[in-house]
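The values are calculated or read from the model by the stated rules, or taken from the named source; none is laboratory data. Since we're looking at a predicted model, the values are computed, not measured. Virtual Cβ from ideal backbone geometry, glycine too; neighbours counted across all protein chains shown. Each accessible area value is taken on the protein alone, full model and side chains, heavy atoms only, with ligands, DNA and RNA left out. Shrake-Rupley method; radii C 1.70, N 1.55, O 1.52, S 1.80 Å.
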Amino acid sequence: MKRVNSLQRFMNTRAGANCRYQPTCYEHAANCYTHAFLIVPAFVGMALLHRLSDDRWERITAWVYGMGLIALFLVSTVFHIISWKKSHMRSMEHCFHMCDRVVIYFFIAASYTPWLNLRELGPLAAHMRWFVWLMAAAGTIYVFNYHEKYKLVELAFYLTMGFFPALVVTSMSNTDGLYELAFGGFVYCLGVVFFKSDGVIPFAHAIWHVFVALAAAIHYYAIWKYLYRSSTLEDIRDV
Ligand SMILES: [Zn+2]
């Protein structure tokens, strides 16, 4: 007889090596809501940075970063809704699952963009501005070829993409905001523990979503405070 404990209601058994974990209906709901609630705040966040922009370059950067934020929460929500209501939408679910993974690469590139675009960089470091997008494109090719095949390689790709551009950012002469940037990175890493715990911890994926939201909020705060608001305050002082 199957052993029933209170947690089993909320969690299914762990998936095999090359399979995807099947969430319970409680987990599906939590996965959808934890990112759906952030779509509108992401739009507002982008509009705010756009409003604080002093020139065209800042405006483009606000747009790129904002689109990265919106895309992350929007694609994630659509994927989790399709995954919840699947039955006759198998191929669409597979497609959106790949998009959900691809969008993470572009989100990481977009998150670094304000720092790379709006801080002064050395001639070599400036190449990171386009290199992050090349890495995101490489990640996309990987997802389309090896989706769900080598999960640890995929995780290694995300961590490389997440930390490699930091080499440039941490070597900038203006270090304002680096503490928040590092703290946000630390929160993402804590969240990875839950990202890899489907079937071990109930609601693991939804908890991962919460960590993503917290880390994204910390990074947004740093970008708003040190890259947009401070330049606007300087302009006011100069007048
Ligand atoms: Zn998700």
>> Let me confirm something: among Ala47, Ala126, which residue is assigned to a helix (DSSP H, G or I), open to solvent by less than 80 Å² (accessible area, probe 1.4 Å) and farther than 24 Å from Thr170 by Cβ?
In response: Ala47
> For region 60-98, what are the residues that are within 18 Å of Leu214 (Cα to Cα), away from the ligand (no atom under 13 Å from the Cβ) and aromatic (Phe, Trp, Tyr)?
Replying inline: Tyr65
> Of the conditions (1) among the hydrophobic types (A, V, I, L, M, F, W, C); (2) within 16 Å of Tyr220 (Cα to Cα); (3) open to solvent by less than 30 Å² (accessible area, probe 1.4 Å), Val168 fails just one. Which one is it?
Replying inline: (2)
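From the list Ile218, Ile141, pick out the single residue that is away from the ligand (no atom under 16 Å from the Cβ), out of contact with any helix residue (DSSP H, G or I) (no Cβ under 6 Å at 6 or more places or on another chain) and open to solvent by 30 Å² or more (accessible area, probe 1.4 Å).
Values: Ile218 fails: out of contact with any helix residue (DSSP H, G or I) (no Cβ under 6 Å at 6 or more places or on another chain).
Unique residue meeting the criteria: Ile141.
So for region 153-164 (the condition being on the phi > 0 side of the Ramachandran plot and either among the charged types (D, E, K, R) or within 15 Å of the ligand (Cβ to nearest atom) (or both)), does at least one residue qualify?
The initial filter retains those residues of region 153-164 that are on the phi > 0 side of the Ramachandran plot, namely none.
No, the conditions are met nowhere in region 153-164.
Which ones in region 99-110 are of a type outside the set (Val, Ile, Thr), open to solvent by less than 20 Å² (accessible area, probe 1.4 Å) and either within 15 Å of the ligand (Cβ to nearest atom) or farther than 19 Å from Val169 by Cβ (or both)? Lay out the reasoning, then the answer.
Let us first name the residues in region 99-110 that are of a type outside the set (Val, Ile, Thr), namely 99-101, 105-107, 109-110.
Adding the requirement that they be open to solvent by less than 20 Å² (accessible area, probe 1.4 Å) leaves 100, 105, 107, 109-110.
Hits for region 99-110 are Asp100, Tyr105, Phe107.
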>> Go through (1) of a type in the set (A, V, I, L, M); (2) under 23 Å from Trp57 (Cβ atoms); (3) open to solvent by less than 80 Å² (accessible area, probe 1.4 Å) for Ala156 and report which single condition fails.
In response: (2)
